[in-house]
Amino acid sequence: MEKLQIKLEKWANGGYCLSHHDGHAVFVEGGIPGETVDISLTKQGNKEWFGFVNSVIESSPLRVPSDCPVYLECGGCSYRHISYEEEVKVKTSLLELMFPEWVGKVEVVTGPSVGYRNNVQWQVEGGQIGFFAKNTHRIIPDSSSHCKNVDKRLLIENPNDFAILSKQKPNQTRLPKTQNKANSLSLRLSQNAVVQYEKEETKFEFLSTKLTVPAKGFFQINQFLMETWIQKIKSLLPKDANVLELFCGCGTIGITLRDRIKSLYGIESHEKSIQYANQNAKANGITTYQYAVLDLYQKHIPKDLKTFPTWIVNPPRAGLSKGIIETAEMLKPKEIVYSSCNPSTLRRDVTSLKEIGYEMDHLSLFDFFPRTNHYEVLVRLRKRK
């Protein structure tokens, strides 16, 4: 691995610091702008190089000791060498670079920066359990016992057993046999217990709403910010809203906001999720919601859904398809409330929506993923009159 001494220039997306050397942009993990560092290069392309800090020659006053013994080795976190307060400033400034008209106006919402994850996927191989080292299939010893991001109930002290905990008593279950190949153990908090969410359904209760998520079903991971996020979405909706909810999953957003929503049509590509959405609506006393299975990346939204002037969209990292943008141009919803886990695709989609007559009037950063380079962004766009 080639070594290089370099001076770091500025923060970049992805948890990197940017520098330049011999005509190449160099993206460095574990550094802070202004520092002079020794790095090891992990990838050398024609234009871009990537590396990580080995040692610090001239340190920034912002640098703090990492509280994780495997920081940068596992690759899960990006900012454990600065304070959490500084991390939030970095994320906010990077978001403002994407939306310069919002500099100084971004609403930032944070919560506890440790123990926030309500699920985890541990890798299991050869009697070891934990996270893979970055860009490898080598398990980092003991990583399953000390990850700061994971709720303590999901940590595993003993590689041979894990506890399914409840407030009453723990119930011991053996780890699955690996049969000489890598397996994973996917755990999620379910009310007061822990379940293997790849195999079992999960139950949540918040904001006077009971939800059941199917096995392998998606649910937001930050247990501390879920209610705040839902309440902010509520504040962005008109009263008695008629809502088209795209990428609705098992119905989480619309069902939780049933007191604000008059009628709703939810679309999701996974049939099992739609089955659970219907069940969740019924369990919460809802009779006016409809749900349908449709792959929004492959097929257009039906034209007869023009009767739903408010859209709620919560897509995967890929963002909205060209077809969804075209449908928005045709159906002309009055407002679109868009929650994104990928600011880059959000910026692309906002640009496309502006071209067909929408203006963004709200932008908030929800730090669902403290200490990592990821965060959630919530925006509202309204049709220009």
By the scheme Lys and Arg +1, Asp and Glu -1, what is the net charge of all other residues having a beta-carbon under 11 Å from that of residue 155? +1
What is the calculated FRET efficiency for residue 186 to residue 64, with r their C-beta to C-beta distance and R₀ = 30 Å, to the nearest 0.05? 0.40
If you stretched the chain out fully between residue 208 and residue 355, how much longer would it get, using 0.36 nm times the residue separation minus the C-alpha to C-alpha distance? 49.0 nm
Whole number in Å², please: accessible area per residue of the chain, 1.4 Å probe, ligands, DNA and RNA not counted. 48
Measure out, as a whole number of angstrom, how far apart the alpha-carbon centroids of the range 330-385 and the range 281-297 sit. 23
Can you give me the C-alpha center-to-center distance between the range 115-136 and the range 45-79, rounded to a whole angstrom? 20
Just to check I understand the Karplus step: with θ = phi - 60° and J = 6.51 cos²θ - 1.76 cosθ + 1.60, what whole-Hz values come out for the range 254-262, glycine and proline as x? x, 5, 5, 9, 4, 6, 9, 10, 7
Just how many pairs of Lys in the range 226-291 have C-alpha atoms closer than 24 Å, counting pairs that are eight or more places apart or on different chains? 7
For the range 222-347, just say rounded, prolate or oblate: build the C-alpha gyration tensor, square-root its eigenvalues into a ≥ b ≥ c, call rounded for a/c under 1.5, and beyond that prolate if a/b exceeds b/c, oblate if not. rounded
Rounded to the nearest 500, what is the 222 nm mean residue ellipticity of the chain from helices alone, with -39500 (n - 2.57) per DSSP H run of 4+ residues and division by all residues? -5000 deg cm²/dmol
Take the Cα of residue 38, step 7 Å along the line toward its Cβ, and report every residue of the range 4-25 whose backbone nitrogen sits under 16 Å from that point. 4-7
For the chain, with all protein chains present and a 1.4 Å probe, just round the carbon and sulfur fraction of the accessible area to a whole percent. 49
Residue 228 to residue 55: extension gain in nm, 0.36 nm per residue of separation minus the Cα-Cα distance? 58.3 nm
Given H placed 1.01 Å from N in the peptide plane, which residues other than close sequence neighbours of residue 184 have an amide H under 5 Å from its amide H? 124
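The values are calculated or read from the model by the stated rules, or taken from the named source; none is laboratory data. Bear in mind the structure is a predicted one, so any value in this text is a computation, not a measurement. Methodologically, a virtual Cβ is constructed for each residue, glycine included, from the backbone with ideal geometry; neighbour enumeration extends over all protein chains shown. Remember, those area values only see protein heavy atoms, side chains included, never the ligands or the DNA or RNA. Shrake-Rupley method; radii C 1.70, N 1.55, O 1.52, S 1.80 Å.
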